[in-house]
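**Student:** Next up is a structure, given as structure tokens.
The values are calculated or read from the model by the stated rules, or taken from the named source; none is laboratory data. Note that this is a predicted model, so its numbers are computed, not measured. Methodologically, a virtual Cβ is constructed for each residue, glycine included, from the backbone with ideal geometry; neighbour enumeration extends over all protein chains shown.
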Amino acid sequence: MARNPIIAALDVPTAEAALELAKKIAPAVGGFKIGSELFTAAGPDIVRRIRATGSAVFLDLKFHDIPNTVAGAVASAVRLDVQMLTVHASGGADMLKAAEQSAQETAWELGHAPPLVLGVTLLTSLDSHALSQIGFDPNVGRQVRRLANMATQGGLRGLVCSPLEVAELRQILTAGVQLVTPGIRPETHPADDQKRTLSPREAIAAGANWLVIGRPICAAPDPRAAAEKILESLTQVRHLV
Ligand code: C5P
């Protein structure tokens with residue numbers, strides 16, 4: 001059977017809420033994303049507690065600092081035994097290399113598989129105007145391609161990108177690069193504050209490997225049923241992940 005590509009975002013403010021939600025939906029998803037909100041409230045212990053249930057964890061703290069500091073943060077994440085973590089690709093080539101190297105070395109020391117270090121290309125909240133304010137190339141596509149190339153040349157084996165960038169990135173990246181995408185909305189679900197979305201099925205068909213899904217699952221009246229329905233919608237494309 002193909003693996004389950006759904007990563008449910010545990011965007012809740014307490015450990016109790018996260019554990020309760022995780023318990024409900026674990027059988028219907030491939031893992032859980034722990035981001036800044038939950039991690040800042042509940043600390044590394046929530047990562048250990050979710051891992052202790054047997055579920056995979058994607059630690060989405062988007063590290064962006066000098067290479068030495070990011071290497072240390074990545075090593076700490078590897079010790080928590082997470083399966084994926086994020087760094088900002090705009091942190092630069094040296095920072096990206098340090099992150100990947102730290103993941104490999106720390107995992108080797110511990111005797112387990114290294115997590116997938118994912119480079120966040122561009123935050124989907126940044127438009128052309130915001131990019132030129134920062135001093136980046138205002139062409140979103142070009143800036144994403146530049147960061148994606150830099151990240152993969154630096155050794156990263158995965159990227160986070162908007163679902164609308166997946167097809168284009170697939171053209172320029174080697175086949176083994178894992179693409180993880182938020183901004184996923186089933187056809188029947190409102191967009192919320194996400195502006196550029198694809199349905200789960202469209203995103204997988206375009207070449208995404210993993211789908212990060214928050215509110216369409218976690219804020220649904222029956223989160224388990226919502227996750228199962230999304231998984232069902234993927235039956236014809238799951239072989240692609
Ligand atoms: O609720 P929703 O499905 O929009 O949640 C998407 C998750 O992915 C949230 O945790 C959000 O922080 C994260 N994310 C995103 N866009 C990015 C990067 C991360 O929506 N560019």
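**Student:** How many residues are within 15 Å of the ligand (Cβ to nearest atom), acidic (Asp, Glu) and surrounded by fewer than 22 Cβ atoms within 10 Å (Cβ to Cβ) if we restrict to the range 27-60?
**Tutor:** Qualifying residue count for the region: 1.
**Student:** Something else now. Residues Thr188, Thr181: which one is among the β-branched types (Val, Ile, Thr) and modelled with pLDDT under 95?
**Tutor:** So the residue among Thr188, Thr181 that is among the β-branched types (Val, Ile, Thr) and modelled with pLDDT under 95 is Thr188.
**Student:** Still on this structure, I have one more. If you scan the range 179-213, which residues turn out to be within 8 Å of the ligand (Cβ to nearest atom) and in contact with a Gly (Cβ under 6 Å, 6 or more places away or on another chain)?
**Tutor:** Gln194
**Student:** Another question about this same structure. Would you tally the residues in the range 6-26 being within 14 Å of the ligand (Cβ to nearest atom) and either surrounded by 21 or more Cβ atoms within 10 Å (Cβ to Cβ) or under 30 Å from Arg201 (Cβ atoms) (or both)?
**Tutor:** Just the residues of the range 6-26 that are within 14 Å of the ligand (Cβ to nearest atom), to begin with: 6-13, 18, 21, 25.
Still in the running and either surrounded by 21 or more Cβ atoms within 10 Å (Cβ to Cβ) or under 30 Å from Arg201 (Cβ atoms) (or both): 6-12, 18, 21, 25.
So the answer is 10.
**Student:** Additional query: May I ask you to list the residues in the range 144-174 that are buried (at least 20 other Cβ atoms within 10 Å of the Cβ) and among the polar types (S, T, N, Q)?
**Tutor:** Thr152, Ser162
**Student:** When you look at Ile172, is it more than 12 Å from the ligand (Cβ to nearest atom), out of contact with any strand residue (DSSP E or B) (no Cβ under 7 Å at 6 or more places or on another chain), closer than 27 Å to Ile66 by Cα and not basic (Lys, Arg), yes or no?
**Tutor:** So Ile172 does not fit the description; no.
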